[in-house]
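Since the structure comes first, as structure tokens, the remarks are kept for the end.
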């Protein structure tokens with residue numbers, strides 16, 4: 001479970017991560033990653049969104065959100081302090097196992113970090 005200290009809840013933080021961060025995606029997930037923009041000692045924040053247009057049924061949307069939050073809780077220690085991560089679930093995430101989603105998250109987070117390190 002993702003602790004309250006690591007949850008992205010303000011709309012401005014979501015917007016900043018999406019607009020100013022690096023984006024990487026595949027057919028199941030899109031990760032927006034903004035490294036260390038809020039200070040050195042603040043915790044990394046994670047937000048998860050699943051648009052109704054992608055997955056119309058609320059129960060399935062919530063299942064995807066719960067899985068992604070649980071997977072991000074396992075990876076929160078590897079994120080830089082002060083970073084913001086927004087994970088957007090796509091239609092392919094509905095029905096995907098947690099193992100597949102975990103592999104996708106690992107791959108997308110590493111790609112986002114590489115792109116930010118290169119300054120793109």
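Data table
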read-out: Cβ-Cβ FRET estimate between residue 80 and residue 1, R0 fixed at 22 Å, reported to 0.05; value: 0.55
read-out: Two-decimal Rg to Rh for segment 1-66 - Kirkwood Rh, Cα set; value: 0.98
read-out: Stretchable slack from residue 10 to residue 62, in nm (0.36 nm times residue separation minus alpha-carbon distance); value: 16.8 nm
read-out: Ranking of 59, 15 by count of other Cβ atoms within 10 Å, fewest first; value: 59, 15
read-out: Globularity ratio of segment 41-105, using Cα Rg and 2.2 N^0.38 Å; value: 1.14
read-out: Antiparallel content of DSSP bridges confined to the chain, in %, to 5; value: 60
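We did not get these values from a lab; they are worked out from the coordinates using the rules stated. In this text, all values refer to a predicted model and were calculated from it rather than measured experimentally. Note: ideal-geometry Cβ built from the backbone for every residue, glycine included; neighbour counts use all protein chains shown.
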